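Engineer: Take this structure, written in structure tokens, and hold onto it; I'll ask about it next.
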Amino acid sequence: MASLRKSTESVLPTDHPMDGITIRPLDFRLALKTSDDCIWNRRRPECAVFLNALGVHVPHFERYLVFALRKARSSTQDARLRKNMGGIIGQEAHHAHNYTQFSAALFQRYAALSGVDERAMRYFERHAQCDSDRRLLGFTAGYETFTFLAGLLLLDEFEDWFGSADPEVAAFWIWHQVEEVEHGCVAFDTYKHFYGDNELYRKWMIVVAMFVLARETVVAYRVMMVAEGWCNRPWFAIARARFCVSMLLRFARNALPAFRRSYHPRNHPLVTSRQNPVQQGWRRFSASGGNVLSFDRDKINEVIGWARRRSSDAQ
Ligand SMILES: [Fe+2]
Ligand SMILES: [Fe+2]
């Protein structure tokens, strides 16, 4: 059984999820997962495989982000920005740690995947060393557009993705998405702080980041499709491939508001008037000492209840 977390949070979160970034050093014990656990959603295996495929390169990007923001942090005296940069660096380092643990189970199930992972690792390491400061921050801000806006799709449709999923894997993804919302404006603010006038480059980097995210996901998804035997029946293979492509297109569509000149993550309806009740309730539940290391459907409903209770208290 997973142990209770140690958390640095001591107060209830404020109403805007981007007010105050909490570093939660959680460990979901994903190293204990086996090859069989990789299909963690038996009712919707394509959902499990899609997120598994997406997740292969993510820890390598997260380390790239940590490198980029650490470097930028040493070049500014802006106290608020430095504090927020410290927050995102801490959160992403813990995400990468947990992702890497789950990757070990994926490599057991998919022998060809370690090559994909290796290539992604080299890609991000090479770019961390070679990219200009502007590119480091531009790409980081571009990629973070997707982890903030697109990732909320998962919580909006939590029944499909996590309703009958492995409780620890579900808990890991919910935690990750909640924190991506909390630090969703930091990379954007950092880019604007250093290169505010260069909007065209910021937008171009969203396109580049989407391309990299899609490429890495498709390559890993293809390896998994073959290994799962999905390619043995052509129509079935087409249906499963379509699912992957349609999800990536939905990710791209959700990121469209970021192309507006007036865009700022803090003002997006998803963190103001249209907040997702799972992320709202999770933060309150977590801040009150609830165990967030395991989530089944009943517990997700309990967490949504925390969001509703707090909303009705406020009225
Ligand atoms: Fe992350
Ligand atoms: Fe992030």
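The values are calculated or read from the model by the stated rules, or taken from the named source; none is laboratory data. All values derive from a computational prediction rather than experimental measurement. Here the Cβ is made from the backbone with ideal geometry for all residues, glycine too, and neighbour counts use every protein chain on show. All accessible areas refer to the heavy atoms of the entire protein, side chains included, with ligands and DNA or RNA removed. Shrake-Rupley method; radii C 1.70, N 1.55, O 1.52, S 1.80 Å.
Engineer: Would you be able to tell me the number of residues in the stretch 135-158 that are within 12 Å of ligand 2 (Cβ to nearest atom), crowded, with 24+ Cβ neighbours inside 10 Å and among the aromatic types (F, W, Y)?
Structural biologist: 1
Engineer: Here are the criteria: (1) surrounded by fewer than 18 Cβ atoms within 10 Å (Cβ to Cβ); (2) in contact (Cβ under 8 Å) with a residue 40 or more places away in the chain. Tell me which single one E118 does not satisfy.
Structural biologist: Every listed condition holds for E118 apart from (2).
Engineer: For the stretch 71-118, what are the residues that are touching a helix residue (DSSP H, G or I) at 6+ places or on another chain (Cβ under 7 Å), away from ligand 2 (no atom under 13 Å from the Cβ) and hydroxyl-bearing (S, T, Y)?
Structural biologist: Listed by number, the residues that qualify are T76, T100, S103, Y110, S114.
Engineer: Would you confirm, using the coordinates I've provided, whether S294 is outside the structural domain of H94 (by TED's automatic domain parsing), modelled with pLDDT of 90 or more, out of contact with any Ser or Thr (no Cβ under 6 Å at 6 or more places or on another chain) and open to solvent by less than 10 Å² (accessible area, probe 1.4 Å)?
Structural biologist: Details: outside the structural domain of H94 (by TED's automatic domain parsing): yes; modelled with pLDDT of 90 or more: yes; out of contact with any Ser or Thr (no Cβ under 6 Å at 6 or more places or on another chain): yes; open to solvent by less than 10 Å² (accessible area, probe 1.4 Å): no.
Answer is no for this residue.
Engineer: Go through the residues of the stretch 81-91 one by one and say whether even a single one is within 16 Å of ligand 1 (Cβ to nearest atom), open to solvent by 10 Å² or more (accessible area, probe 1.4 Å), closer than 23 Å to L26 by Cβ and among the basic types (K, R).
Structural biologist: Our first condition is that a residue be within 16 Å of ligand 1 (Cβ to nearest atom); within the stretch 81-91, this holds for 84-91.
Next cut, open to solvent by 10 Å² or more (accessible area, probe 1.4 Å) only: 84, 86, 89-90.
Restricting the remaining residues to those that are closer than 23 Å to L26 by Cβ gives 84, 86, 89-90.
Restricting the remaining residues to those that are among the basic types (K, R) gives none.
Checking the stretch 81-91: not a single residue is within 16 Å of ligand 1 (Cβ to nearest atom), open to solvent by 10 Å² or more (accessible area, probe 1.4 Å), closer than 23 Å to L26 by Cβ and among the basic types (K, R).
Engineer: Then there's this: Among the candidates A96, A112, A104, which residue alone is closer than 25 Å to F188 by Cα, open to solvent by less than 70 Å² (accessible area, probe 1.4 Å) and in contact (Cβ under 8 Å) with a residue 24 or more places away in the chain? Spell out the reasoning first.
Structural biologist: On the way: A112 fails: closer than 25 Å to F188 by Cα; A104 fails: closer than 25 Å to F188 by Cα.
Only one candidate passes the filter, namely A96.
Engineer: Restrict the check to the stretch 159-175 and report whether at least one residue is of a type outside the set (V, I, T), closer than 19 Å to V271 by Cα and open to solvent by less than 30 Å² (accessible area, probe 1.4 Å). Working first, answer last.
Structural biologist: At the first step, the residues of the stretch 159-175 found to be of a type outside the set (V, I, T) are 159-168, 170-173, 175.
Still in the list and also closer than 19 Å to V271 by Cα: 173, 175.
In the following step, the residues that additionally are open to solvent by less than 30 Å² (accessible area, probe 1.4 Å) were identified as 173, 175.
Yes.
Engineer: Yes or no: the stretch 36-56 includes at least one residue that is under 20 Å from L153 (Cβ atoms), of a type in the set (V, I, T) and within 16 Å of ligand 1 (Cβ to nearest atom).
Structural biologist: Of the stretch 36-56, the ones under 20 Å from L153 (Cβ atoms) are 40-41, 43-56.
Next, only the ones that are of a type in the set (V, I, T) stay: 49, 56.
The next check asks that each one be within 16 Å of ligand 1 (Cβ to nearest atom); those that pass are 56.
Taking every residue of the stretch 36-56 in turn, at least one turns out to be under 20 Å from L153 (Cβ atoms), of a type in the set (V, I, T) and within 16 Å of ligand 1 (Cβ to nearest atom).
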